[in-house]
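Please treat every number below as a calculation from the coordinates, not as lab data. Please read all numbers here as calculations on a predicted model, not as lab measurements. Cβ sites come from the backbone with ideal geometry, for glycine too, and all protein chains shown count toward neighbours.
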Amino acid sequence: MIEDPSRGTLLRGEPSPGSAVRDGAEKWEVQLRKGSLELAILASLWDGRLYGLEILRRLESDSELIVSEGTVYPLLSRLKSLKLVDSEWVESDGGHPRKYYRLTEAGKQWSLAMSRVWHEFSASMTKLLTPLTNERAGKEK
Amino acid sequence: MKLASGAEILKDQTARDQRIDAYLARLRRGLAGLSAEKVLDIVVELRGHILEKSARQGHAGTKAVESILGMLGSPEELAAQYLADDLLARAEKRRSPVLLIRGLAHWASMSAAGALVLAGGLLGYFLGGSFMLAGFLKPMHPRTAGLWRLAGDVYSLRLGFGSVPAGGRELLGWWMLPMGLLLGGGLCFLTTQIVLWCVREFRRTLDVGGQ
């Protein structure tokens, strides 16, 4: 009998699928985070211009998105080439210039459209997942 | 707690600067192919990131910098992400098969989808190029170049080098010339269109290879 496959307990005497389930869930989570990274970056710029390190900090503090820093900079460059963000160099007190990014008008429209899709998708998934959520809540009691 | 001497701090700072310079030099080498302005833009931005992050952490030494560089990933992988997008963006604009294949090669190094599109693209251009070449070579090798049906119902596209295959029959005759050029050209055009569609999807959905 198994209560929670992710904890690696046994299922009817068979070797536990726990680690495979956990690995699969982690890989899926990575894909999910990657897929939402673009929207997260655009959303972080909604209130105004930020430079790379500030965007990373905003993502970490507001979204718990643990992103590879080596992914964010090329992604910003791509968002710029897609004309969704614009950039400008500003001198800083630290002695090195900072490259600030801001949303373009197209970037704002794109962000709003993506945000709408995200909310609709998330609402329908939450509804669909209700029985699983209840099951997990019952087991955790 | 033992305090570091001025000489030790200076030595560590020199080692740190050398480490950053070495990382950025590798990145710069990886970015060959981008305009000098873009390379400078990227290098200055990342140097600022490394220096500011290490200063914010309160440790400006080699160890802190090593950890920051580790989070950025290898300079070659980082460069591949910049290059793939730049080459694909330029290929999209110019519809250039050479830029497309170069961009796809970088994309392929980052994701399975890129590898699949690269394989499809190469196959399409190889087949298209072969038909065009066979058509082009037909006047030079009128007896041997063309589409052949060999023994055992095997079809072979021959450029005309070598002898007439035993038991084979050439199917198109002189039609090989216009057909080869048209079919080959069409295949190359179709390959470019399909690959460009994949590239547009890739750039729109931002299928990045990193995590």
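Using only Cα atoms, figure out Rg for the protein assembly as shown and give it as a multiple of 2.2 N^0.38 Å.
So the protein assembly as shown has a normalised radius of gyration of 1.35.
At 0.36 nm per residue, and after removing the present C-alpha to C-alpha distance, how many nm does the segment from A:GLU140 to A:GLN31 gain when stretched out fully? Kindly include the intermediate steps, with their values, before the conclusion.
Details: separation 109, 0.36 × 109 = 39.24 nm, distance 2.67 nm.
Roughly 36.6 nm would be gained on extension.
Taking amide H positions as placed 1.01 Å from N in the peptide plane, with prolines and chain starts having none, which residues 5 or more places from A:VAL85, or on another chain, fall under 5 Å of its amide H?
A:LYS80, A:THR104
Between A:ALA43, A:ALA20, A:ALA106, where does the largest GNM mean-square fluctuation fall for chain A, given springs only between Cα atoms within less than 10 Å?
A:ALA20
How many percent of Cα pairs in segment B:13-75 exceed 17 Å? Walk me through the numbers before you get to the answer.
Details: 703 of 1953 pairs.
Cα-Cα pairs in segment B:13-75 separated by more than 17 Å: 36 percent.
Please express the shape of segment A:38-140 as an equivalent ellipsoid: the semi-axes are the square roots of 5 times the eigenvalues of the C-alpha gyration tensor, given largest first in whole angstrom.
For segment A:38-140, the semi-axes come out at 33, 17, 10 Å.
So, in nm, how far is label B:SER156 from label B:GLN57 when the simple model puts each one 7 Å beyond its Cα toward the Cβ?
That separation, rounded to one decimal, is 6.3 nm.
Using amide H atoms built in the peptide plane, which far-off residues or other-chain residues are under 5 Å from A:SER68 H to H?
Distant-sequence amide H within range of A:SER68: B:GLN211.
Run lengths n ≥ 4 of DSSP H only: what is the helix-derived mean residue ellipticity at 222 nm for chain B, with -39500 (n - 2.57) per run over all residues, to the nearest 500?
Per the formula, -24000 deg cm²/dmol.
Simple spin-label model, 7 Å along Cα-to-Cβ: A:GLU54 to B:ALA32 in nm?
3.7 nm
Which whole-Hz ³J(HN,Hα) couplings does segment A:50-58 yield from phi under the Karplus relation 6.51 cos²θ - 1.76 cosθ + 1.60, θ = phi - 60°, glycine and proline marked x?
Ordered by residue, 3J(HN,Hα) equals 9, 9, x, 5, 5, 4, 4, 5, 4 Hz.
So what are the ³J(HN,Hα) numbers for segment A:101-114, from phi and the Karplus equation (6.51, -1.76, 1.60; θ = phi - 60°), rounded to whole Hz, Gly and Pro as x?
So the J values, rounded to whole Hz, are 10, 9, 6, 8, 4, 5, x, 5, 4, 4, 4, 5, 5, 5.
If you only keep lysine pairs separated by 8 or more in sequence, or across chains, how many in segment A:38-140 come under 29 Å at the Cα atoms?
7
Can you tell me how segment B:68-122 classifies by the Cα gyration tensor, rounded, prolate or oblate, using a/c under 1.5 as the rounded cut?
Oblate.
Pick from B:VAL65, B:VAL195, B:VAL164: which is most flexible by mean-square fluctuation in a GNM of chain B where alpha carbon atoms under 10 Å apart are linked?
B:VAL164
From the phi of every residue in segment B:81-88, what ³J(HN,Hα) in whole Hz does the Karplus formula 6.51 cos²θ - 1.76 cosθ + 1.60 yield, where θ is phi - 60° and glycine or proline is x?
5, 5, 5, 4, 5, 5, 5, 5
Only helical DSSP H runs with n ≥ 4 go in: add -39500 (n - 2.57) per run for chain A, normalise by residue count and round the 222 nm mean residue ellipticity to 500 deg cm²/dmol.
The helix-only estimate for chain A comes to -21000 deg cm²/dmol at 222 nm.
Taking segment B:1-73, how many lysine pairs are there with alpha carbons less than 24 Å apart, if each pair must be eight or more places apart or span two chains?
Number of lysine pairs found: 6.
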